[in-house]
Structures are given as structure tokens and as C-alpha cells.
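Please read the structure below before turning to the comments.
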Amino acid sequence: MKRETIYKAPGGKLLKISLDFNSKINSIRIVGDFFVHPETWIEELEKELVNTEFNRKIVERKIATFAKSNRASLFGITLEDLCEAIMRCKNEV
């Protein structure tokens, strides 16, 4: 199933998520008007999330672990905002 969502982080920036999934994430594209360092982190995270079970706790844990191990710094969004935007794809009609 393919879905897209646009999410505005509270007091922050916009996130646009394009997702192809069934019980697992088949592909994901994350774009928006936020900043991240290192700059390649979002692309690497997208690859890391492929084949991840599409479950909030699992996605949250994977994002947090990946951010910590790669020393990511996000500006304009939080890791929680990122997870929320991804999970909203599940409920979009």
C-alpha cells in the first residue's frame, strides 16, 4: 500500500513522508523544510527503515537507536515528530 502524509511539527517545520508498506516498510522517502546533521542521515535512515515491521514501538526504537549511533542532530523537528509523521501514513485515507 502506498501512502503520503504531510505533518507540521508543533512549533517546527514540515515533514512529507511517502511510504510503501504492508506489514513491513517496503520503501520510504522523508523530505521537508527541516535540517539534519550529518546531511546524509535522512537517506541512511530511509535505508535502515526498509523491511522494518510497521509498528510504532519498533519504528520509534529503530529511529532512536539509529540517531544515537550516528550522532544525528535535527533542527526544526524531533525524533518523535519524525516517528509521528511516519505512523500517520498508516491512518491516511
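Values in this text are rule-based calculations from the coordinates and carry no lab data. None of these values were measured; they are calculated from a predicted model. All Cβ positions, glycine included, derive from the backbone under ideal geometry; neighbour counts span all protein chains shown.
Table for the structure above
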read-out: The stretch 53-93, residues that are polar (S, T, N, Q) and under 12 Å from the mean Cα position of the chain (by Cα); value: THR78
read-out: Residues of the stretch 62-93 satisfying the condition of being part of a helix (DSSP H, G or I), of a type in the set (Gly, Ala, Ser) and surrounded by fewer than 17 Cβ atoms within 10 Å (Cβ to Cβ); value: ALA64, SER69
read-out: Qualifying residues in the stretch 29-80 (those that are of a type in the set (Phe, Trp, Tyr) and in contact with a helix residue (DSSP H, G or I) (Cβ under 9 Å, 6 or more places away or on another chain)) - the one nearest to LYS2 (Cα to Cα); value: PHE54
read-out: Which listed residue is touching a Phe, Trp or Tyr at 6+ places or on another chain (Cβ under 8 Å) and aliphatic (A, V, I, L, M), from ILE25, ILE30, ILE42, ILE58; value: ILE25
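Condition check ((1) under 20 Å from LYS68 (Cβ atoms); (2) in contact with a Leu (Cβ under 9 Å, 6 or more places away or on another chain); (3) outside any loop (DSSP other than H, G, I, E, B); (4) in contact (Cβ under 8 Å) with a residue 40 or more places away in the chain) across all residues:
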| position | (1), (2), (3), (4) |
| --- | --- |
| THR5 | no, yes, yes, yes |
| GLY11 | no, no, no, no |
| ASP20 | no, no, yes, no |
| ILE28 | yes, yes, yes, yes |
| VAL31 | no, yes, yes, no |
| GLU39 | yes, no, no, no |
| GLU43 | yes, no, yes, no |
| LYS47 | yes, no, yes, no |
| ASN51 | no, no, no, no |
